[in-house]
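The values are calculated or read from the model by the stated rules, or taken from the named source; none is laboratory data. Computed from a prediction, not measured in an experiment: that's the story for all the values here. Because the Cβ atoms are built from the backbone with ideal geometry, glycine has one as well, and the counts that use them run over all protein chains shown. The protein model used for the area step is the full one, side chains on, heavy atoms only, and it has no ligands, DNA or RNA in it. Shrake-Rupley method; radii C 1.70, N 1.55, O 1.52, S 1.80 Å.
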Amino acid sequence: MRCVNADWLIVGAGFTGCTLAERIATQLNRKVVLVDRRPRVGGNAYDEYDDNGVLVHRFGPHIFHTNSTKVFDYLSTFTEWRAYEHRVQVAIGGRKVPAPFNLNSLHSLFPAPEAAEMEGLLAGTYGEGAKVPILKMREHPHPRVRKLAEFIYENVFYGYTLKQWGLAPEDLDPSVTGRVPVHISRDDRYFQDRFQTMPAAGYSALFQRMLRHPNIEIVLNCDHRAAHGIRFRRMIYTGPIDEFFDYVHGELPYRSIRFDFLTAQEEWHQGCGTVNYPNDYEYTRITEQKYLSGQSLPKSTLVVEYPEAHVRGRNEPYYPVPREENRNRYERYLRELRALNGSVVMAGRLADYKYYNMDQAVARAMKVFEEEVAG
Ligand code: FAD
Ligand code: UDP
């Protein structure tokens with residue numbers, strides 16, 4: 001490798017690394033070398049056009065949603081947007097009903113008098129519009145509410161979570177299933193965030209615009225441990241924190257996914273962006289990419305997700321596994337990081353070992369820039 005000199009080495013070209021590279025290059029006028037061991041930028045949000053001409057997300061369907069005006073305004077400097085509100089159905093006993101489970105799901109599955117009675121009970125207990133995590137609902141004192149909670153737990157959460165994480169919902173941090181709470185509402189959207197939108201030309205185009213700056217040099221197919229020719233003053237690392245410290249405190253578990261891309265010889269294959277299959281098949285969900293891209297094409301591309309354990313060197317670590325014993329192990333790595341006295345800054349879904357959405361990864365990168373880089 002030829003010699004490269006920079007003020008900052010940034011390891012990982014996902015949302016976290018790209019945001020920090022852009023900020024340092026444009027706001028501090030400092031030189032950045034951005035390395036990624038993959039052959040492309042974008043991290044898990046990378047997208048490209050497939051043989052059907054469909055814009056596909058190679059590492060899982062990515063829907064942008066945020067309540068943060070700051071993050072939305074920041075990303076808006078690199079992309080136009082296409083309004084898109086994601087809708088998901090969940091397959092229960094041969095029927096497909098809205099997810100997160102809501103009042104429309106209730107009325108689709110239960111006879112009218114029973115559904116009306118349950119609706120009254122839920123609205124009276126929690127209030128119209130409330131969002132109730134399933135693990136909370138299971139603890140409700142009223143036996144009718146508990147019975148419905150048990151039904152939802154078994155038909156929506158248990159099988160899906162077991163496939164996705166290899167663990168039951170109660171063996172994970174409650175925030176995991178709390179991402180998809182029961183919604184006492186007729187609103188069928190998967191998210192209720194203020195901004196729900198997709199980059200009009202895709203994520204990869206957004207990343208290209210973020211990184212187009214003379215102060216940023218990108219080196220791909222490059223693991224930072226093999227980047228011997230790069231001289232730098234400080235480092236930002238967005239990869240797995242346990243790997244950085246050579247697993248001295250043992251491995252942090254991650255979940256991985258195998259993505260199968262299928263072509264449907266029809267314009268549209270399913271009734272909404274994603275269908276979840278908690279209790280059927282080995283996969284968890286099927287997403288029809290054209291809902292996300294808004295394209296009009298005669299064929300359609302589907303992505304099917306088969307969760308699996310992460311095995312080093314064999315597949316990618318996509319999801320940190322939020323539960324107490326892992327958080328304790330992560331804290332031990334955090335102490336190693338603190339001992340480096342700021343010479344290495346860490347941020348991102350893998351380095352922070354946190355289940356961030358894209359907007360949270362960008363928000364975290366902006367905060368790190370303000371507090372640990374520029375300050
Ligand atoms: P990453 O995107 O993981 O980037 C880290 C980069 O670091 C990778 O490119 C990796 O190759 C590189 N790297 C690691 N170690 C090294 C090393 N030693 N040397 C060089 N390079 C290295 N978020 C949403 O908001 N909406 C969604 O719908 C959504 N769907 C998702 C679906 C799936 C299946 C997955 C896995 C995630 C989804 N996310 C979604 C989350 C989103 O992907 C993350 O929030 C975001 O990509 C995090 O960005 P990051 O830069 O922290 O990490
Ligand atoms: N979940 C579930 N059934 C569903 C949808 C979600 O059990 O139909 C649980 C499951 O544990 C999942 C978590 O809720 O991993 C978070 O779901 P989300 O759709 O936010 O997952 P992501 O898009 O991040 O993979």
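Suppose we filter segment 13-51 for residues that are within 20 Å of Ala227 (Cα to Cα), part of a loop (DSSP other than H, G, I, E, B) and either open to solvent by 10 Å² or more (accessible area, probe 1.4 Å) or hydroxyl-bearing (Ser, Thr, Tyr) (or both); how many remain?
Matching residues across segment 13-51 total 9.
Here is a list of conditions, (1) in contact with a helix residue (DSSP H, G or I) (Cβ under 7 Å, 6 or more places away or on another chain); (2) within 11 Å of ligand 2 (Cβ to nearest atom); (3) among the β-branched types (Val, Ile, Thr), and Val88 meets all of them except one; can you say which number that is?
Of the numbered conditions (1) in contact with a helix residue (DSSP H, G or I) (Cβ under 7 Å, 6 or more places away or on another chain); (2) within 11 Å of ligand 2 (Cβ to nearest atom); (3) among the β-branched types (Val, Ile, Thr), the odd one out for Val88 is (1).
Just need a number here: residues in segment 161-184 that are in a loop (DSSP other than H, G, I, E, B) and within 15 Å of ligand 1 (Cβ to nearest atom).
Counting residues in segment 161-184 that are in a loop (DSSP other than H, G, I, E, B) and within 15 Å of ligand 1 (Cβ to nearest atom) gives 2.
Yes/no per residue for (1) surrounded by fewer than 14 Cβ atoms within 10 Å (Cβ to Cβ); (2) closer than 23 Å to Val176 by Cβ; (3) without any contact (Cβ under 8 Å) to a residue 40 or more places away in the chain:
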{"position": "Ile286", "(1), (2), (3)": "no, yes, yes"}
{"position": "Val311", "(1), (2), (3)": "yes, yes, no"}
{"position": "Pro320", "(1), (2), (3)": "no, yes, no"}
{"position": "Asn326", "(1), (2), (3)": "no, yes, no"}
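So which residues in segment 174-223 are open to solvent by 40 Å² or more (accessible area, probe 1.4 Å) and within 16 Å of ligand 2 (Cβ to nearest atom)?
Of everything in segment 174-223, those that are open to solvent by 40 Å² or more (accessible area, probe 1.4 Å) and within 16 Å of ligand 2 (Cβ to nearest atom) turn out to be Pro174, Ser175, Arg179, Asp188, Arg189, Tyr190, Gln192.
Given the criterion of a type in the set (Gly, Ala, Ser), touching a residue at least 40 places away in the same chain (Cβ under 8 Å), in contact with a helix residue (DSSP H, G or I) (Cβ under 9 Å, 6 or more places away or on another chain) and under 30 Å from Gly127 (Cβ atoms), identify the matching residue among Ser108, Ser68.
It is Ser68.
Of everything in segment 98-134, what is surrounded by fewer than 21 Cβ atoms within 10 Å (Cβ to Cβ) and in a loop (DSSP other than H, G, I, E, B)? Give them in sequence order.
Result: Phe110, Pro111, Gly127, Glu128, Gly129, Ala130, Pro133.
Pick out the one residue from Val145, Val156 that is away from ligand 1 (no atom under 16 Å from the Cβ) and surrounded by 21 or more Cβ atoms within 10 Å (Cβ to Cβ). Spell out the reasoning first.
On the way: Val145 fails: surrounded by 21 or more Cβ atoms within 10 Å (Cβ to Cβ).
After applying the criteria, what remains is Val156.
Please determine whether any residue of segment 250-262 is more than 14 Å from ligand 1 (Cβ to nearest atom), over 24 Å from Ala361 (Cα atoms) and open to solvent by less than 70 Å² (accessible area, probe 1.4 Å).
Yes, segment 250-262 contains at least one residue that is more than 14 Å from ligand 1 (Cβ to nearest atom), over 24 Å from Ala361 (Cα atoms) and open to solvent by less than 70 Å² (accessible area, probe 1.4 Å).
Which of (1) within 15 Å of ligand 2 (Cβ to nearest atom); (2) more than 22 Å from Glu316 (Cβ to Cβ); (3) touching a Gly at 6+ places or on another chain (Cβ under 8 Å) is the odd one out, the single condition Asp280 does not satisfy?
Condition not satisfied by Asp280: (3).
Considering only residues that are buried (at least 18 other Cβ atoms within 10 Å of the Cβ), of a type in the set (Phe, Trp, Tyr) and in contact (Cβ under 8 Å) with a residue 60 or more places away in the chain, which ones fall in segment 331-363?
Result: Tyr333, Tyr353.
Quick one: Phe151 ticks every box in (1) within 8 Å of ligand 2 (Cβ to nearest atom); (2) farther than 29 Å from Cys18 by Cα bar one, so which box is it?
Every listed condition holds for Phe151 apart from (1).
Taking into account only those residues within segment 62-94 that are of a type in the set (Ser, Thr, Tyr) and within 12 Å of ligand 1 (Cβ to nearest atom), which is least open to solvent (accessible area, probe 1.4 Å)?
So, considering only residues that are of a type in the set (Ser, Thr, Tyr) and within 12 Å of ligand 1 (Cβ to nearest atom), the one least open to solvent (accessible area, probe 1.4 Å) is Thr66.
For segment 365-375: of the residues being crowded, with 21+ Cβ neighbours inside 10 Å and within 18 Å of Thr77 (Cα to Cα), which is farthest from the chain's Cα centre (by Cα)?
The extreme case among them is Phe369.
Taking interchain pairs and intrachain pairs at least six residues apart, which have beta carbon atoms under 6 angstrom, with the first residue in segment 208-230 and closer than 30 Å to Glu80 by Cα and the second part of a loop (DSSP other than H, G, I, E, B)?
Listed by first residue and then by second, the contacts come to Arg209/Phe78; Met210/Phe78; Asn215/Lys31; Leu220/Asp36; Leu220/Pro39; Asn221/Pro39.
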